[in-house]
Amino acid sequence: MFKISLSTTFSAPKLQQFRLFSVMEEILKSIPTVLIDSEGVFKYVLIKVHRKEEVVDEREKLIVRGFKWGAFHADIYEETQEKIEKLGFETECVGGGRIEHNPAEKKLKVYGYSQGYGRADHEITTNLIKKDYPDYNVSWTNDGY
C-alpha cells in the first residue's frame, strides 16, 4: 500500500492508474488549443480530444486547427487525428468552417461550414482563438461558405 495523504491510501494498481491519469492529463494540457496559419483565408476544423473509450474519464479538450494547405477539411482533421492518437487520445471532428486571418489589422474572422463535417460552433471557436490572440479583434458569422 502507498499512502498519498493522511486520508487517502491506494493499492499498487490503483496508484499506477492514478499516475497514468495524471500523466495523460498533463499530455492533454500540453496539446495546443489553437494552431492556425499566420495569415490568409483557410479551412479549419473544431476537434474534440478525449481519452480512449475504455477509460471512464470525462476529461476532454476542444482544439482548433486551420491551414491553407488543407484542400478539404478532412485533410486537416486526418493529419491532426493521426498526431493526437499517437499520444493515446481519440478525436472527434465536431465541425468546420473558414478563418480569415489578417495579422496587419489584427483581425480574425470565423465563418462558413464544412460540407463533410457540418458547421462548427463558431462562437466556441472564436472564444478559443481569443485566448491565444488576446490583442486581436476576433469575430464570427454563420454566413458564407
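Of the residues LYS68, LYS61, which is more than 16 Å from THR33 (Cα to Cα) and in contact with a strand residue (DSSP E or B) (Cβ under 6 Å, 6 or more places away or on another chain)?
Just a single option satisfies the conditions, and that option is LYS68.
Would you confirm whether any residue within the stretch 135-145 is on the phi > 0 side of the Ramachandran plot, in contact with a Gly (Cβ under 9 Å, 6 or more places away or on another chain) and at pLDDT below 95? Reasoning before the result, please.
Kept after step one, since they are on the phi > 0 side of the Ramachandran plot, are these residues of the stretch 135-145: 144.
Right, trim to in contact with a Gly (Cβ under 9 Å, 6 or more places away or on another chain) and you get 144.
In the following step, the residues that additionally are at pLDDT below 95 were identified as 144.
Taking every residue of the stretch 135-145 in turn, at least one turns out to be on the phi > 0 side of the Ramachandran plot, in contact with a Gly (Cβ under 9 Å, 6 or more places away or on another chain) and at pLDDT below 95.
Out of all the residues in the stretch 7-22, is one or more modelled with pLDDT of 75 or more and over 22 Å from LYS107 (Cβ atoms)?
Checked the stretch 7-22: no residue is modelled with pLDDT of 75 or more and over 22 Å from LYS107 (Cβ atoms).
In the stretch 82-108, which residues are open to solvent by less than 50 Å² (accessible area, probe 1.4 Å) and in a helix (DSSP H, G or I)?
Scanning the stretch 82-108 gives a single hit, ILE84.
Sort out which residues of the stretch 131-142 are surrounded by 15 or more Cβ atoms within 10 Å (Cβ to Cβ) and among the charged types (D, E, K, R), and write them in order of number. Break it down stepwise before answering.
Let us first name the residues in the stretch 131-142 that are surrounded by 15 or more Cβ atoms within 10 Å (Cβ to Cβ), namely 132-133, 136, 138, 140.
Result: ASP132, single match.
The values are calculated or read from the model by the stated rules, or taken from the named source; none is laboratory data. The structure presented is a predicted model; accordingly, all values stated were derived computationally and were not measured. Ideal geometry is used to build each Cβ from the backbone, glycine not excepted, and the neighbour counts take in all protein chains shown. Areas reflect the complete protein model, heavy atoms only, side chains present, ligands, DNA and RNA absent. Shrake-Rupley method; radii C 1.70, N 1.55, O 1.52, S 1.80 Å.
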